[in-house]
Amino acid sequence: MRYKILIRLLLIFMSLCVLYREYQFSPKKLQMTYQCWSVRNQPEPQMSMNWFNSKNNKNSIYKRMRTTSWSAPIVWTDTYNESVLKMYYKKHPVTVGLIVFAVGSYLWYYLGNFLTSANTFFMVDQRVIIYVMLDDFAFMPLINLNRLRTLKVFKVKRQKRWQDISMMRMKIISEHITDHIQYEVDYVFCMDVDQTFKSSYGLETLGDSVAQLHTYWYREDPDLVPFERNESSDAYIPMGEGDFYYHAAVFGGTASQVLKITKECAKGIMNDKKNNIEAIWHDESHLNKYFFLHKPTKLLSPEFCWDLRKSKTDDIKTVKLSWSFKNYDYLRQQI
Ligand SMILES: *[C@@H]1O[C@H](CO)[C@@H](O)[C@H](O)[C@H]1NC(C)=O
Ligand SMILES: *[C@@H]1O[C@H](CO)[C@@H](O)[C@H](O)[C@H]1NC(C)=O
């Protein structure tokens, strides 16, 4: 008996040695192993599942469009069935990433509030990894997150102007998705830090590529919105074209789609730099160009990113995320 056990142990030991030789461990490989366990690439729920009510409400004063000309849903707070979505994602669990940049005065001024409100309202009952990109660890606020949330903090280089921060953001996000985020989450959102979650912001927002309608421009004719109109810029959108003006304060999708979005935007920004031109709304202009060429699969109504200084129109039932704006201009000058 003993002898048999010894032989078995020896065999196991030898096979382990062989394995070790063939498979030297590296963090990359470990991440890829982890990927098999955690990231499943679930398809998003189809419209046929009745999670979304695309019928326009005739009683509304304003036209609340619910689908785009390319058949993507425009999600308003009363268009989705939360219990259908909850059942779907219970069977197909996902991990959602949330990337936020907080540098200069934005770090100490806004980050705490953003994180606290995200902990309460962002993807309740789902697994979330929050990626904080900051320029000074000393100002990282201590926040108690609930058990389904993980915080990962990274340091980024400080830029002189906020325009450069927001433009560098695209490049940095694409690098982090390539290095690790794609192995850690199914979906990922990129959000500005000067915002506060006000109510449940959940599964209804998940999609392959997700764009945010802008509070100021969502009912405007595309010819009147501030797309980049200079042909020398990569972000150029000709008059008479363009669908909606999207707000760069919120965009998202699957990790692979957000990688494409951020890579393309970073490329456009770099080309513009080479040609000595800066698009009128910086990274937002390039994001609009991207979504003009590659239509988003889901649009979020302005309820998902509302400016509370603007009086609520009839379309706005529930504000889910709002702009924070104390001393906004002062803060921008401080960076
Ligand atoms: C949501 O869907 C469930 C299951 O199909 C249904 O029972 C319920 O009535 C729906 N709720 C609304 C508000 O439509
Ligand atoms: C477009 O930008 C270039 C470079 O900044 C500038 O020289 C040119 O005058 C601009 N064209 C228009 C129509 O504004």
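The values are calculated or read from the model by the stated rules, or taken from the named source; none is laboratory data. What you see is a predicted model; the values in this text were computed from it and never measured. Using ideal geometry, Cβ is built from the backbone for each residue, glycine included, and neighbour counts are taken over all protein chains shown.
Please verify whether segment 224-244 includes one or more residues that are closer than 21 Å to Lys317 by Cα, of a type outside the set (Lys, Arg), part of a loop (DSSP other than H, G, I, E, B) and in contact (Cβ under 8 Å) with a residue 24 or more places away in the chain. Within segment 224-244, one or more residues are closer than 21 Å to Lys317 by Cα, of a type outside the set (Lys, Arg), part of a loop (DSSP other than H, G, I, E, B) and in contact (Cβ under 8 Å) with a residue 24 or more places away in the chain.
Taking first residues from segment 133-153 that are over 10 Å from Leu115 (Cβ atoms) and partners that are assigned to a loop (DSSP other than H, G, I, E, B) and among the basic types (Lys, Arg), the Cβ contacts under 9 Å between residues at least 6 apart in sequence or on separate chains come to Asp135/Lys157; Asp135/Arg158; Asp136/Arg158. Reported count of residues in segment 266-278, each being within 22 Å of the chain's Cα centre (by Cα) and within 16 Å of ligand 2 (Cβ to nearest atom), is 3. Scanning segment 218-253 for residues being in contact with a helix residue (DSSP H, G or I) (Cβ under 9 Å, 6 or more places away or on another chain) and under 19 Å from Lys295 (Cβ atoms) gives a total of 21. Just one of (1) in a loop (DSSP other than H, G, I, E, B); (2) over 30 Å from Val94 (Cα atoms) fails for Asp272. It is (1). Of the residues making up segment 82-117, those that are under 20 Å from Val185 (Cα atoms) and crowded, with 16+ Cβ neighbours inside 10 Å are Leu85, Tyr88, Tyr89, Val94, Thr95, Val96, Gly97, Leu98, Ile99, Val100, Phe101, Leu115. When the criteria are applied in full, Ser105 meets the requirement of being in contact with a Leu (Cβ under 6 Å, 6 or more places away or on another chain) and touching a residue at least 40 places away in the same chain (Cβ under 8 Å). For the criterion of being surrounded by 23 or more Cβ atoms within 10 Å (Cβ to Cβ), at pLDDT below 95 and more than 16 Å from the chain's Cα centre (by Cα), Ile143 fails.
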